[in-house]
1. Given the structure, is V117 in contact (Cβ under 8 Å) with a residue 24 or more places away in the chain and under 18 Å from the mean Cα position of the chain (by Cα)?
2. Mind listing just one residue for me: the one in the stretch 74-94 that is in contact (Cβ under 8 Å) with a residue 12 or more places away in the chain and more than 11 Å from the ligand (Cβ to nearest atom) and, of those, surrounded by the fewest Cβ atoms within 10 Å (Cβ to Cβ)?
3. I'd like to check something: does the stretch 214-223 contain any residue that is under 30 Å from R146 (Cβ atoms) and touching a helix residue (DSSP H, G or I) at 6+ places or on another chain (Cβ under 7 Å)?
4. Pick from the stretch 247-261 the residues that are in contact (Cβ under 8 Å) with a residue 60 or more places away in the chain and of a type in the set (A, V, I, L, M, F, W, C): which of them is farthest from L164 (Cα to Cα)?
5. Output yes when any residue across the stretch 226-244 is over 26 Å from P67 (Cα atoms), in contact (Cβ under 8 Å) with a residue 40 or more places away in the chain and surrounded by fewer than 20 Cβ atoms within 10 Å (Cβ to Cβ), and no when none is.
6. Among the listed residues V4, V25, identify the single one that is out of contact with any Phe, Trp or Tyr (no Cβ under 9 Å at 6 or more places or on another chain), over 19 Å from T107 (Cβ atoms) and in contact (Cβ under 8 Å) with a residue 40 or more places away in the chain.
7. When you scan the stretch 19-51, how many residues do you find that are away from the ligand (no atom under 16 Å from the Cβ), among the small types (G, A, S) and in a helix (DSSP H, G or I)?
Amino acid sequence: MLHVTREIDSQPEAWRRAVALLPQVAGALPRPGERVAVIGCGTSWFMAEAYAALREDGGQGETDFFPASRFPAGRDYDRVVAISRSGTTTEVLEALAGTRARRTSITTASSLPVASVSDDTVVLDFADEESVVQTVFATTTLMLLRASLGERLDGVVEQAETVLGPTPDGAVPRGGQYTFLGQGWAHGIAREAALKMREAAQLWTESYPQMEYRHGPIAIAEPGRVVWVFGEPVPGLLDDVAATGATVVCDPLDPVADLVRAQRLAVLLAERLGLDPDRPRHLTRSVVLDAG
Ligand code: F1P
């Protein structure tokens, strides 16, 4: 079995473990009212976006998110939260080293370099991965952070178990091109779904906030292409997409449970194309840049 398939399947159990871990790590996570920046690269950046939107929309305090390379070191934050599976990503280490804020990292081992530039480290060792493409570490981090905001997640875990039940074949339509849409925090999920398809299956994918989609991107919609909406559709959007002839995917699932479907589809399509999703071209598990 592929590493990535095993990791995708492990998500519901890992999410349960993360929720159970929360009481032990809550002190390291942002408190209500703190001014927070969340940083990461690639998939970790998209999880940062989702959490930042959820926290701020939930009234828990101003929460910005940045790719680690764009973190504005001069800004006054109470806390910076860094998400990094490998704990070695250069841009993340540099951003943490350059801030005066209290630093929390979420990673997979306390011995990793990211821990040495953090004040607090949350270790999700049970969600570590063999794969280059991230699945279970990213979603488990987000579920821990969602739980820390007071969300009850049992229903989401059950949805993911249901999604993992049927064969991925036939669960969602095939298409020549995929555009993923999400409003609010679900935009981070849409971006992650699009990245997963690119990383694993080298497919042409795009992602937008739902409300931005009609401001240009809809021009490429046509029969044989797929528009996939994460979360509640905004009024009128589905009618506008249907009129283009594109196939619409929009099911009443939590965006993270729906992401599991997209992960599975990415692996399925990769295999169909004769690709090995455990060895995606041009990618490494962690991006470590030369000092010079
Ligand atoms: C972040 C990341 C991954 C991506 C690739 C390179 O890593 O950008 O999301 O899939 O493998 O690294 P990390 O900082 O979370 O380890």
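1. Values: in contact (Cβ under 8 Å) with a residue 24 or more places away in the chain: yes; under 18 Å from the mean Cα position of the chain (by Cα): no.
So V117 does not fit the description; no.
2. Looking only at the stretch 74-94, we keep the residues that are in contact (Cβ under 8 Å) with a residue 12 or more places away in the chain, and these are 75-94.
Filter once more, keeping what is more than 11 Å from the ligand (Cβ to nearest atom): 75-81, 94.
On the way: R75: 14, D76: 8, Y77: 22, D78: 15, R79: 22, V80: 28, V81: 30, E94: 15.
Checked the stretch 74-94; the qualifying residue surrounded by the fewest Cβ atoms within 10 Å (Cβ to Cβ) is D76.
3. Narrowing the stretch 214-223 to residues under 30 Å from R146 (Cβ atoms): 214-215, 217.
Right, trim to touching a helix residue (DSSP H, G or I) at 6+ places or on another chain (Cβ under 7 Å) and you get 214.
Checking the stretch 214-223: at least one residue is under 30 Å from R146 (Cβ atoms) and touching a helix residue (DSSP H, G or I) at 6+ places or on another chain (Cβ under 7 Å).
4. Step one: filter the stretch 247-261 for residues in contact (Cβ under 8 Å) with a residue 60 or more places away in the chain, giving 247, 249, 253-261.
Remaining after also requiring of a type in the set (A, V, I, L, M, F, W, C): 249, 253, 256-257, 259-260.
On the way: V249: 17, L253: 13, V256: 13, A257: 9, L259: 11, V260: 8 Å.
Among residues in the stretch 247-261 that are in contact (Cβ under 8 Å) with a residue 60 or more places away in the chain and of a type in the set (A, V, I, L, M, F, W, C), the one farthest from L164 (Cα to Cα) is V249.
5. Yes, the stretch 226-244 contains a residue that is over 26 Å from P67 (Cα atoms), in contact (Cβ under 8 Å) with a residue 40 or more places away in the chain and surrounded by fewer than 20 Cβ atoms within 10 Å (Cβ to Cβ).
6. Working: V25 fails: over 19 Å from T107 (Cβ atoms).
From the options V4, V25, the qualifying one is V4.
7. Going through the stretch 19-51 one residue at a time, the tally reaches 4.
Here's the yes/no breakdown for (1) buried (at least 24 other Cβ atoms within 10 Å of the Cβ); (2) within 10 Å of the ligand (Cβ to nearest atom):
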{"residue": "L112", "(1), (2)": "no, yes"}
{"residue": "A115", "(1), (2)": "no, no"}
{"residue": "D120", "(1), (2)": "no, no"}
{"residue": "F126", "(1), (2)": "no, no"}
{"residue": "E129", "(1), (2)": "no, yes"}
{"residue": "V132", "(1), (2)": "no, yes"}
{"residue": "L142", "(1), (2)": "yes, no"}
{"residue": "R152", "(1), (2)": "no, no"}
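Every read-out reported here was derived from the displayed coordinates using simple, explicitly stated rules and does not represent laboratory data. Just so you know, these numbers come straight off a predicted model, no measurement behind them. Reconstructed Cβ throughout: ideal geometry from the backbone, glycine too, with neighbour counts over all protein chains shown.
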